[in-house]
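Written out below as structure tokens is the structure these notes cover.
The values are calculated or read from the model by the stated rules, or taken from the named source; none is laboratory data. Keep in mind that what you see is a predicted model, and the values were worked out from it rather than measured. Cβ sites come from the backbone with ideal geometry, for glycine too, and all protein chains shown count toward neighbours.
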Amino acid sequence: MFTVLLLIAVAFSILVLSAFWFGGERRRFHRSTWAFFHQAGVGLRALHGYIYLRWTPQYIKTLFRFTAAFSKTTRAEHWLADHYHGKVLTHDHARAVVTLNLPISRRDLEQIVPYHTARDLVLQAPPDIVAYECVCRHGRATHCEPTRVCMVVGRPFTDFILEHRPQSAHRLTREEALDLLEAEHQRGHVHSAWFKDAMLNRFYAICNCCKCCCGGIREMVERGVPMVASSGYVAQIDTDACTNCSDCVDACPFQAMTFNDGAVVRTWERCMGCGVCEVKCQVGAISMIRDQRKGIPLDVRLLA
């Protein structure tokens, strides 16, 4: 394992030097590049973060291929989840990030995000938000629309994306960010807050994930890799109100529901409390309820 990590580190270094020489950085550093290295410092983690931001699509494809190569061992899978993972957000909590009124300088989210690394939250108010192309959707031969639905949150990440990939990103006002969240919610897509140790060891993005394109959801459902933590809620079904339409079963991104004389939560462990089944239920028979066993919700209103 050490040898593999060493080879990856060398590859990162070569890619960074190539970016400086061929990608224009050698002629003039972007301000966002300076800002990122100023906060990240100098070292392998900083290079790692630069590579991730600079070539996010290529990075993610390589990452999932790497874990697939080690499919018979759980060590690589848990390494992936520990260093690059998400926290499911209810629609209300995703909106709260966008409408934050008080800054959060630094908060340890160990109880909220149950991973060993990348669990800090640093946000200014109102947060700086940029929408950019979803690399998971673009990586599929056929994919969901629209594609510009990923939201980078906070500087220097937002400035970096805009300066290095201006053709595929744009800044959002608060109202535009809320509209994007609402539209994705109505489509039945999952809001998730993402953390990565190489991204200054903190929260940096809100993704709006569909079950057919999202690499993280696929890794979790198909391979059991714990890529996302529960929102802290579970689905509760009013069996008297249920009309047996099975729309919620078809919509569930985590395959947690089934149909047995009405919709039921088949596997409690699989339910991530995303609320997709709730929004897809036409008769209001499903609600999301707090479950202490699922962990603590990420509600920034309680952290500010």
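Here are a few things to note about the model shown:
- Region 74-98, subset of a type in the set (A, V, I, L, M, F, W, C) and modelled with pLDDT under 85, residue nearest to GLN186 (Cα to Cα): ALA81
- Residues (part of a strand (DSSP E or B), small (Gly, Ala, Ser) and at pLDDT below 95) located in region 120-137: none
- A single entry from SER192, SER230, SER287 fulfils the requirement of being closer than 18 Å to THR147 by Cα, of a type in the set (Ser, Thr, Tyr) and out of contact with any Phe, Trp or Tyr (no Cβ under 6 Å at 6 or more places or on another chain): SER192.
- Among the residues making up region 134-154, those that are on the phi < 0 side of the Ramachandran plot and over 13 Å from the mean Cα position of the chain (by Cα) are ARG137, HIS138, GLY139, ARG140, ALA141, THR142, HIS143, CYS144, GLU145, PRO146, THR147, ARG148.
- Any hit, region 129-146, residues being touching a helix residue (DSSP H, G or I) at 6+ places or on another chain (Cβ under 9 Å), more than 26 Å from GLU176 (Cα to Cα) and touching a residue at least 12 places away in the same chain (Cβ under 8 Å): no
- Checked against (1) closer than 22 Å to GLY275 by Cβ; (2) part of a strand (DSSP E or B); (3) modelled with pLDDT under 90, ARG107 passes all but a single condition, namely (1).
- Taking the listed residues ARG148, ARG171, ARG140, the one that is in a loop (DSSP other than H, G, I, E, B), among the basic types (Lys, Arg) and at pLDDT 90 or above is ARG148, with no other qualifying.
- When VAL265, VAL234 are checked against the criterion of being at pLDDT 85 or above and touching a strand residue (DSSP E or B) at 6+ places or on another chain (Cβ under 9 Å), a single residue qualifies: VAL234.
- Index of the failed condition, GLY188 passing every other in (1) more than 22 Å from PHE157 (Cα to Cα); (2) within 15 Å of the chain's Cα centre (by Cα); (3) assigned by TED's automatic domain parsing to the domain that holds ASP159: (2)
- Close pairs (7 angstrom Cβ cut-off, 6 or more residues apart or separate chains): without any contact (Cβ under 8 Å) to a residue 12 or more places away in the chain in region 48-64, of a type in the set (A, V, I, L, M, F, W, C) and assigned to a helix (DSSP H, G or I) anywhere: TYR59/ILE51
- Scanning region 103-157 for residues that are exposed (fewer than 14 other Cβ atoms within 10 Å of the Cβ) and under 26 Å from ASP291 (Cα atoms) turns up ASP108, GLU110, GLN111, HIS116.
- Elements of type helices (runs of 4 or more DSSP H) in region 188-304, at least 1 residues being touching a helix residue (DSSP H, G or I) at 6+ places or on another chain (Cβ under 6 Å) and closer than 18 Å to VAL135 by Cα: 215-223
- Scanning region 223-238 for residues that are surrounded by fewer than 18 Cβ atoms within 10 Å (Cβ to Cβ) and farther than 16 Å from HIS116 by Cα yields ARG223, GLY224, GLN236, ASP238.
For (1) of a type in the set (Phe, Trp, Tyr); (2) touching a residue at least 40 places away in the same chain (Cβ under 8 Å), each residue gets a yes or a no:
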{"residue": "ASP261", "(1), (2)": "no, no"}
{"residue": "TRP268", "(1), (2)": "yes, no"}
{"residue": "CYS274", "(1), (2)": "no, yes"}
{"residue": "VAL279", "(1), (2)": "no, yes"}
